[in-house]
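A.B. asks: Here it is: the structure, laid out below.
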Ligand code: SF4
């Protein structure tokens, strides 16, 4: 099965939401202002890194594309509450300036904006890594993910996104995909650690190391996801923690209640 990292996470959060979006295709393809802000900010960060930490050019790039998002293929369908063009322009620029001031990533940049496609058991795992770093004298690869809007999860140690990224860098196909096949051997045996960079607050959260056990758990999850899909079983999020962010919260359950006695109870 082809598994996109982002969809794996969605399935982990709520299989039912995944079902509504990817099987029933009920999702509206609406893109909000914060999503476009994040995409253009990532683009400006790529400019910043590529030009050897050139803040002025990165700021100019962000300002230009925020005013002309369609030139990068983005359209803002709706504006999130309390966001305006000018407030997000200021926010994006400030995030770049503070990132530059913090200079948290001293060390060697192995690569940025890296797409990957690697085997995971009988599956293929795909995704996109914001940045890979190494530090002199250390034998750890740092996997960095920039977040421009998201809340910080409580248990990053078990975050499946970082597990997926770290796992990908353990595979020879990852390095072959970026034309550095020898790096697979160079980094063999090195530790992998995640770093969640919260751009809005200029904070770095340590997502912890990933080991063989984490990778086994990742494979177990991919296998279980495949079996659920084959069986057509998509449980709801029992904890309800995802529901507050779910686009289907107003309709969830409306097509599944088949027992007329239950329907009469629900409808009063
Ligand atoms: S409302 Fe909750 S249970 Fe229903 S699909 Fe959304 S996240 Fe899942």
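Only the coordinates and a few stated rules stand behind these numbers; no lab work does. Quantities reported herein were computed from a predicted structural model and do not represent experimental measurements. So basically every Cβ, Gly included, is an ideal-geometry build from the backbone, and we count neighbours across all protein chains shown.
A.B. asks: Measure nothing but the geometry: give the 0 to 90° angle between the long axis through the Cα atoms of 33-50 and the longest principal axis through the Cα atoms of the chain, rounded to 10°.
C.D. replies: 20
A.B. asks: At each listed q (0.11, 0.14 Å⁻¹), what is the log10 of I(q)/I(0) that the Debye formula gives for the chain modelled as equal alpha-carbon point scatterers?
C.D. replies: -0.72, -1.12
A.B. asks: In degrees, nearest 10, range 0 to 90: what is the angle between the Cα axis of helix 85-102 and the longest Cα principal axis of the chain?
C.D. replies: Value to nearest ten degrees: 50.
A.B. asks: Compute the acute angle (0 to 90°) between the alpha-carbon long axis of helix 212-231 and the principal axis of greatest extent of the alpha-carbon atoms of the chain; round to the nearest 10°.
C.D. replies: The two axes meet at around 40 degrees.
A.B. asks: If I take R0 = 41 Å and measure r between the Cβ atoms of residue 100 and residue 251 in this structure, what FRET efficiency does the formula 1/(1 + (r/R0)^6) give, to the nearest 0.05?
C.D. replies: Efficiency, from the Cβ-Cβ distance: 0.40.
A.B. asks: Which of these, 251, 50, 75, has the largest mean-square fluctuation under a Gaussian network model of the chain (Cα springs below 10 Å)?
C.D. replies: Taking springs between Cα atoms under 10 Å, the residue moving most is 251.
A.B. asks: Could you line up 228, 33, 122, 6 from fewest to most neighbouring Cβ atoms inside 10 Å?
C.D. replies: By the 10 Å Cβ count, ascending, the order reads 122, 6, 228, 33.
A.B. asks: If each DSSP helix of 4+ residues adds -39,500 (n - 2.57) and the sum is divided by the residues in the chain, what number results at 222 nm, nearest 500 deg cm²/dmol?
C.D. replies: Details: 10 runs with 110 residues, N = 268.
Calculated mean residue ellipticity at 222 nm is -12500 deg cm²/dmol.
A.B. asks: Could you give P(r) for segment 125-175, binned at 10 Å from zero, as whole percent values over all Cα-Cα pairs?
C.D. replies: The calculated distribution, bin by bin, is 21, 52, 25, 2.
A.B. asks: In segment 1-160, what percentage of the DSSP-assigned beta bridges are antiparallel, given to the nearest 5?
C.D. replies: For segment 1-160, the DSSP antiparallel bridge percentage is about 80.
A.B. asks: Taking all pairs of different Cα atoms in segment 107-223, averaging 1/r and flipping that mean, what Kirkwood radius in angstroms comes out?
C.D. replies: When all Cα pairs of segment 107-223 are included, the Kirkwood radius is 14.5 Å.
A.B. asks: With springs only between Cα atoms under 10 Å, which of 238, 43, 167 fluctuates most in a Gaussian network model of the chain?
C.D. replies: Ranking 238, 43, 167 by mean-square fluctuation puts 238 first.
A.B. asks: Report P(r) for segment 33-102: all Cα-Cα distances, bin width 10 Å, range 0 to the bin holding the largest distance, values in whole percent.
C.D. replies: 21, 56, 20, 2
A.B. asks: Out of all DSSP beta bridges with both ends in the chain, state the antiparallel percent to the nearest 5.
C.D. replies: Just about 65 percent of them are antiparallel.
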